[in-house]
Amino acid sequence: MAKPIFQSAEFYKTIMRIQDIPKPVYPEVAFIGRSNVGKSSLINALLGKKNLARISSSPGKTRGINYYLVDQKYFFVDLPGYGFAKLPKNERMKWQRLIETYLTESQKLKLIALLIDSRHDLMDNDLEMARWLQYHERPFCILLTKTDKISKNSLNQTIDRYRSYFPDHHVLPFSIKAKNLIKSTALFIKESLS
Ligand code: GDP
């Protein structure tokens, strides 16, 4: 059997406050997207683990920034899902500040994977996030999730559309059900980390 792209992964820590952000020792890739976009499933699939990142049964429940140590030399950083409208405003602001501080200040952050559900067009908060990343000149790519749920034709159109929105950024299709897409995404991330 072919060797997996990433061979070991373990939970490292969860942080809830800006002052707890770990010293940047390893190159990092961060994952962000709306609640329920498939972020936990994607992280688990890339790392070949069933339950490392917690698949949320109730959207928006995952809190804090979760760090996973991969191959003893990379951090995968799982950021809280956005679009959790039920949170009180001051709580929402607190998470937003934590995420923004992390995204602007982490010095080893090589790539931000912005996850968008391939079944729908760009939503306001996805656009807001993408524009914010562009404004701050952060390196990001778009990962279109759950592509097994749409036809090949409509996937091609969706990819083209997102490439026209973000001509300077990579746009990659992803599905936890497609081994080839798990592999190509893992390879792309590994190259970005090197
Ligand atoms: P998160 O809230 O962004 O972490 O999303 P989850 O990983 O918890 O996924 C939300 C739901 O979408 C779960 O029921 C997953 O099983 C499902 N899901 C995630 N990725 C895929 C995918 O690639 N294909 C399909 N068909 N379902 C997926």
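When segment 17-42 is filtered for residues that are near the ligand (Cβ under 8 Å from one of its atoms) and either outside any helix (DSSP H, G or I) or touching a strand residue (DSSP E or B) at 6+ places or on another chain (Cβ under 7 Å) (or both), the ones remaining, listed by number, are Gly33, Arg34, Ser35, Asn36, Val37, Gly38, Lys39, Leu42. Output the residue which, of all residues in segment 145-159 that are farther than 16 Å from Lys39 by Cα and open to solvent by less than 100 Å² (accessible area, probe 1.4 Å), is nearest to the ligand (Cβ to nearest atom). Residue satisfying both the conditions and the ranking: Ile150.
Ile142 meets all of the listed conditions (1) open to solvent by less than 10 Å² (accessible area, probe 1.4 Å); (2) free of Cβ contacts under 8 Å to residues at least 40 places away in the same chain; (3) assigned to a helix (DSSP H, G or I); (4) among the β-branched types (Val, Ile, Thr) but one, namely (3).
Determine if segment 37-46 includes at least one residue that is within 17 Å of the chain's Cα centre (by Cα) and open to solvent by 60 Å² or more (accessible area, probe 1.4 Å). Give the steps one after another, and end with the answer.
Here is the first cut: in segment 37-46, the ones within 17 Å of the chain's Cα centre (by Cα) are 37-46.
Now restrict to residues that are open to solvent by 60 Å² or more (accessible area, probe 1.4 Å): none.
No; the residues of segment 37-46 include none that is within 17 Å of the chain's Cα centre (by Cα) and open to solvent by 60 Å² or more (accessible area, probe 1.4 Å).
Cβ-Cβ contacts under 9 Å between residues 6 or more apart (or on different chains), taken from a first residue in segment 95-123 that is touching a residue at least 60 places away in the same chain (Cβ under 8 Å) to a second residue that is open to solvent by 40 Å² or more (accessible area, probe 1.4 Å) and part of a strand (DSSP E or B), are listed as Leu115/Arg34; Ile116/Arg34; Asp117/Arg34; Met123/Arg34. Is one or more of the residues making up segment 45-68 within 11 Å of the ligand (Cβ to nearest atom), modelled with pLDDT of 95 or more and in a helix (DSSP H, G or I)? Checked segment 45-68: at least one residue is within 11 Å of the ligand (Cβ to nearest atom), modelled with pLDDT of 95 or more and in a helix (DSSP H, G or I).
What's the total number of residues in segment 23-36 that are open to solvent by 20 Å² or more (accessible area, probe 1.4 Å) and not basic (Lys, Arg)?
First pass over segment 23-36, keeping only residues open to solvent by 20 Å² or more (accessible area, probe 1.4 Å): 23-27, 34-36.
Keeping just the survivors that are not basic (Lys, Arg) gives 24-27, 35-36.
The number of residues fulfilling the criteria is 6.
Counting the residues of segment 160-178 that are assigned to a loop (DSSP other than H, G, I, E, B) and either more than 16 Å from the ligand (Cβ to nearest atom) or open to solvent by less than 100 Å² (accessible area, probe 1.4 Å) (or both) gives 9. On the stretch given as segment 179-189, residues that are more than 16 Å from the ligand (Cβ to nearest atom) and either more than 21 Å from Leu133 (Cα to Cα) or not in a helix (DSSP H, G or I) (or both) total 1. Consider segment 102-126 and keep the residues that are open to solvent by 60 Å² or more (accessible area, probe 1.4 Å) and more than 13 Å from Phe31 (Cα to Cα). The one that is nearest to the ligand (Cβ to nearest atom) is Arg119.
Out of the residues in segment 78-105 that are in contact with a Ser or Thr (Cβ under 8 Å, 6 or more places away or on another chain) and outside any loop (DSSP other than H, G, I, E, B), state the one that is farthest from Pro22 (Cα to Cα). Among those that are in contact with a Ser or Thr (Cβ under 8 Å, 6 or more places away or on another chain) and outside any loop (DSSP other than H, G, I, E, B), it is Tyr82.
The values are calculated or read from the model by the stated rules, or taken from the named source; none is laboratory data. Quantities reported herein were computed from a predicted structural model and do not represent experimental measurements. Positions of Cβ are generated from backbone atoms using ideal geometry, with glycine treated the same way; all protein chains shown enter the neighbour counts. Note: accessible area is taken over every heavy atom of the protein model, side chains too, but ligands, DNA and RNA are not part of it. Shrake-Rupley method; radii C 1.70, N 1.55, O 1.52, S 1.80 Å.
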